[in-house]
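Read through the structure below, which is laid out as structure tokens, and then see the notes.
The values are calculated or read from the model by the stated rules, or taken from the named source; none is laboratory data. Just so it is clear, the model here is predicted, and its values are computed rather than measured. Glycine also receives a Cβ, built like all others from the backbone with ideal geometry; neighbour counts cover every protein chain displayed. SASA here: full protein model, heavy atoms, side chains in, ligands and nucleic acids out. Shrake-Rupley method; radii C 1.70, N 1.55, O 1.52, S 1.80 Å.
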Amino acid sequence: MTPFLLYNQQPTQIVAPTSAEAVADVLRDASAQGLAVIPWGGGTRQGMGGPPLRYDLALDMRGLAAVLAYTPDDLVLRVGAGATLGHIQDLLAAHNQWLPWNPPLPDQATIGGLLASGATGSLRMGYGTPRDWTLAMQVALGDGRLVKSGAPVVKNVAGYDTHKLHIGALGTLGVITEVTFKVAPRPAHCQTLLAAFSSPLTILEAMQQIGQPPFQPISLVLLNHSASKANPILHSFLDDTSPHLIMAVRFAGTAGAVGRQIRTAVAVCVEQGAHTIELSETDDGSIWHAIADDLRPTDQLLIRVGAPLSHVREMLRLVESIPYQRGWPTDRYLIAGAGLAYLRWPVVALPDLLQALTELRAGLAGIGGYAVVEDLPVALANTDSPLDLWGPPPETLALMRSLRKVWDPAEILNPGRYLV
Amino acid sequence: MTREMLITTLRHHLGSRYVLHRREELMLYEYDGSAMDQAMPDVVVVPGSTAEVAAAVATATRLGFPIIARGAGTGLAGSTVAERGGMVISLARLNQILQIDPQAATAVVQPGVVNTDLSRAAAAYGLHFAPDPSSQRSCTIGGNAGSNAGGPHCLKYGVTSNHVLAITLVLSDGQVVRVGSAVSDTPGYDLLAAVVGSEGTLGIITELTVRLTRNAEDVRTFLAIFDDMEVAGACVSAIIADGIIPAALEMIEGEGIAAIESWAHAGYPPDARAVLLIEIDGLREDIADEARRIARVCTASGCRELRTASDAAQRERLWAGRKGALAACARIAPHYHILDGTVPRSRLPEILRRSAEIAAHYDLKVVNIFHAGDGNIHPLLLFDLRVPGTRERAMAAGAEILRSCVEVGGTISGEHGIGIEKRAFMPWIYSVEDQSAFADLRNVFDPAGVMNPGKLLPSPTSHSSLHATEPLLRMTGRGAWI
Ligand SMILES: Cc1cc2nc3c(=O)[nH]c(=O)nc-3n(C[C@H](O)[C@H](O)[C@H](O)COP(=O)(O)OP(=O)(O)OC[C@H]3O[C@@H](n4cnc5c(N)ncnc54)[C@H](O)[C@@H]3O)c2cc1C
């Protein structure tokens, strides 16, 4: 496979800087020459944003992978944006710490790429998103200015929190070169309960109860039958092969607190007619890695849907009915606590997909929700009538555009791939 | 002439009752909570709706007047002071809690809602608003968002920016926009992150959707007593290093302890050199375990005595000492200046030593009462302004202490903001390029340059020419605490 190939487009140059200053130099020159730049980390999320309008230069960020500072006693870590999340987690684990963030493919994905693409994971229920853990950043802006914001301490209000603007911006304001995180002590114990339900009503009722005190789950995800079947590790625990909806819920803390929550959660699930499986602590890590990796890119279309927590049921009804009416098999995942669902649709005729996506968005608009394409397979790109990946823009689009105009005036960063 | 035009137009939009322009009315708005700077605005408006805020803002912008948002005015960095004159917008009338959604654990509030009022209203659902600045009985949610306020319990639960989901924002041209969303991960730049903590320089917040936090199942509060301040500082690090994130980890040191004790009778031993107030919360089994570990760590660190509050009344009493600290210390000397800086937690002993040395060098008293778990120090410089030259010594000592925070890898503000007070220090931590990116952002939101101009970023004209003529000390009300 050709490296840095993006939707069958090839760059004319590949640059692999090893310092932030060099990244800034590349961007300054590219701006002057009007060369379109695609920043690359591990490439695990390049399916977000679809094909670029132009593609001249591949900027390989993996050369900025050094751990720049780590004081375990301060729970603060400063690292080059090209380090993989997996590498960081290994380092932290040696000190019994972690970054409570579990997006897909951590061993390949880089910190910078994950942040730029707004990657999150199921741990957000217990620990929030990386936005809450990012203390500071150094960024090379599109015009080549190398700037930082934030501070390497856990509390800081000096200056604007501009680093957070780069989270989820898909690299369109600048290229992240360095990140400072607050990290957390690893919980003493983590344990997971799987429960198989036969109806959407009962699983939602159980989810609702387990989301309230005294429960404090750190992760709670729901998978439809097809999604659970697609996950071999998860599937290996499910002895019953009849169609079921699966809940995976994870608790952390002392053995006593975890044990009590598991017991109470079992009672809730059984009350709702579910069949439950308590996993051993040793299976806990692997099952959640596997669940996180469920959302990796495949050759199918991956859609992310969000809705207000008060409308999760309506959201689920919509995401179920639209493919069902069309006879499409779909994998569906719900990240509880966040009101997010991920859907995998098969690659069918584009007009059908267009129509289904439009219908989904119309339904979601009615409940204040949205849908974006999280991963666009190559087979659906490069057509005359492309899918609208981002949906209707927010009402602050004009502000966003002016911001991009001042930080990436030559519009060289990921052109045509973001809504701004 | 233009001032008259401004007042006339504002009266037309808001009604004359809510447009204050007489000297005696304006005098109430000359200061913030620090009283370090003082300046009189041209006019103060007290709008009753987003539409009125928008009309007032559009008017002031058109006529070229600075616009300064004001919540309760308890800020400590001068950011609500109208140093260039202009229009102060008081959000005091926008004080309604519009909705509490217990299921989603969110609330929709107007900016003038007082911080504790929201937690009180949410208590019925077992919820609270986590940011708890020590001024929480008077400061407002809008002001908290404007300054990205912290508080004792932000150690575990995060500062204001972690709890604001969406806002309604009036831009300098009077346009009203929604920024952020209660829905997760909506596409588009995270402009909300930039607005929270922007000290009124990007727009006026007229409504907020905030996250509420579920009350913990169990709470335990400890008082750890030390004969040595640096030992106490090291104990803070040791607790964090042991993998415990307390809900709050506060420290009081020096002469403050005796002063507090004689004021609040909280049971602090007057001869102690430092005390730590440690609170943990969570599920009861976790709390039992953490309580054991805290006892172990404190003993190993050389703590003289560890007391545990056994019931709510004892807990309140321990906190009463912390909460009465400012009022109590005001008895040590008639005037004070509160500093706010952050250092890596492991550098706490060092910075405490440094601040004591610096204060001594300038012949000032210093008491540290602060959010130790975050490394967020608040050296309280105490002095008597009637002694000539004291103000200058206090300012110099303050600058030197903050400079030391930067030198040990920290920053110049953990929670009080930059405002007027610290804008000249920004170059200590941000390069010219860093600042240019901040300025870009500001221009995008406020191309006319009217939103709280001169605050937060250094500018050629910014070195404060203002000198408060009033005493530094202002009554912050009974029960005020830093
Ligand atoms: C005794 C005492 C103790 C304190 N303790 C703490 C503490 O523990 N932690 C802490 O963080 N702070 C503390 N402070 C500082 C202060 O109380 C906080 O900064 C608080 O958040 C300010 O709220 P306020 O309503 O008084 O806002 P103001 O002081 O009126 O305003 C603060 C800033 O926000 C802006 N602003 C206000 N309303 C809006 C709005 N609607 N839209 C846009 N911008 C707006 C203002 O322009 C200003 O820049 C303390 C102050 C005192 C006097």
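A few points about this structure:
- The angle between the Cα long axis of helix A:20-33 and the longest principal axis of the Cα atoms of chain A comes to about 60 degrees, rounded to the nearest 10.
- Segment residue A:33-residue A:188, extension gain: residue separation times 0.36 nm, minus the distance between their alpha carbons: 50.4 nm
- Heavy atoms of the protein chains alone define the surface here; on that basis the protein assembly as shown has 35 Å² accessible area per residue at 1.4 Å probe size.
- Pairwise FRET efficiency - residue B:227 versus residue B:331, Cβ, R0 = 25 Å, nearest 0.05: 0.60
- When +1 charges are put on Lys and Arg Cβ atoms and -1 charges on Asp and Glu Cβ atoms, the dipole computed for segment B:97-214 relative to its Cα centre reaches about 340 debye.
- Cut-off 20 Å, label 7 Å out along Cα→Cβ of residue B:300, residues of segment A:56-75 by amide N: A:71-75
- DSSP H segments from chain B that extend 24 Å or more along their own axis, Cα-based, with Kyte-Doolittle mean of -1.0 or above: B:284-301, B:390-407
- Close amide-amide hydrogen proximity is noted between residue A:9 and no other residue 5 or more places distant or on a separate chain, at a cut-off under 5 Å (H modeled in the peptide plane; Pro and chain starts excluded).
- 5 angstrom amide H check on residue A:413, placed H, neighbours 5+ away: A:37
- What the Kirkwood sum gives for segment B:218-328 is a hydrodynamic radius of 13.8 Å, with every pair of different alpha carbons counted.
- On Cα atoms only, tilt of A:350-366 relative to the major axis of chain A in degrees: 70
- Magnitude of the charge dipole, chain B, Cβ model with Lys/Arg +1 and Asp/Glu -1, debye to 20: 840
- In this simple spin-label approximation, residue B:433 and residue A:96 carry label points 7 Å from Cα along the Cα→Cβ vector, and these lie 4.1 nm apart.
- Cα-based shape type of chain A, given that a ≥ b ≥ c are square roots of the gyration tensor eigenvalues and the cut on a/c is 1.5: oblate
- For chain B, convex hull of alpha carbons as volume per residue, Å³: 144
- Of the residues B:318, A:162, B:89, the one whose Cα sits farthest toward the positive end of the charge dipole of the protein assembly as shown, with +1 on the Cβ of Lys and Arg and -1 on the Cβ of Asp and Glu, is B:89.
- Beta bridge orientation in the protein assembly as shown: antiparallel %, DSSP, nearest 5: 90
- Modelled this way, with points 7 Å down the Cα-to-C-beta line, the labels at residue A:349 and residue A:235 are 3.0 nm from one another.
- At most 15 other Cβ within 10 Å, DSSP loop - GluC sites (Glu not before Pro), segment A:314-395: A:395
- Checking every one of the trypsin sites (Lys or Arg not before Pro) in segment B:332-402 against DSSP loop status and a limit of 13 other Cβ atoms within 10 Å picks out B:386.
- Long pairs among A:148/B:323; A:155/A:405; B:323/B:455; A:405/B:455, criterion Cα-Cα beyond 27 Å: A:148/B:323; A:155/A:405; B:323/B:455
- Residue with peak Gaussian network fluctuation, chain A [Cα springs, cutoff 10 Å], from A:245, A:77, A:403: A:403
- C-alpha long axis of helix A:200-210 to longest principal axis of chain A, angle in °: 80
- Mean projected area of the convex hull spanned by the Cα atoms of the protein assembly as shown, taken over all viewing directions: 35.6 nm².
- Amide H contacts of residue B:165 (H built 1.01 Å from N, in plane; Pro and chain starts excluded): B:209, B:210, B:211 sit under 5 Å, all sequence-distant by 5 or more or on other chains.
- Helix-only arithmetic for chain A: the sum of -39500 (n - 2.57) across DSSP H runs with n ≥ 4, divided by the residue total, places the mean residue ellipticity at 222 nm at -9000 deg cm²/dmol.
- Extension gain for the segment residue B:361 to residue B:407, taken as residue separation times 0.36 nm less the Cα-Cα distance, is 14.7 nm to one decimal.
- Applying 0.36 nm per residue to the separation of residue B:62 and residue B:28 and subtracting their alpha-carbon distance, the gain on full extension is 9.7 nm.
- Carbon and sulfur %, accessible surface of segment A:209-365 computed with the full protein complex present, 1.4 Å: 55
- When the charge dipole of the protein assembly as shown is built from unit charges on Cβ atoms (+1 for Lys and Arg, -1 for Asp and Glu) and taken about the Cα centre, the candidate among A:26, A:365, A:236 whose Cα reaches farthest toward its positive end is A:365.
- Table column - 3J(HN,Hα) (Hz), segment B:97-109, Karplus curve with 6.51, -1.76, 1.60, x for Gly and Pro: 8, 7, 6, 10, 10, x, 5, 7, 6, 9, 9, 10, 9
- Put simply, chains B and A cover up around 6000 Å² of each other's accessible surface, both sides summed, when a 1.4 Å probe is used.
- Protein-protein interface of segment B:273-297, residues with accessible area decrease of at least 50 Å², isolated chain reference, 1.4 Å probe: B:283, B:285, B:286
- Using a Förster distance of 22 Å, the FRET efficiency for residue A:8-residue A:107 (Cβ separation, nearest 0.05): 0.25
- Rounded Å value of the spacing that divides the Cα centres of segment A:136-193 and segment A:303-370: 31
- Given charges at Cβ of Lys, Arg, Asp, Glu: chain A dipole, positive-most of A:175, A:136, A:79: A:136
- Basic side chains Lys and Arg get +1 at the Cβ, acidic Asp and Glu get -1 at the Cβ, and with that the dipole of chain A about its Cα centre reaches some 700 debye.
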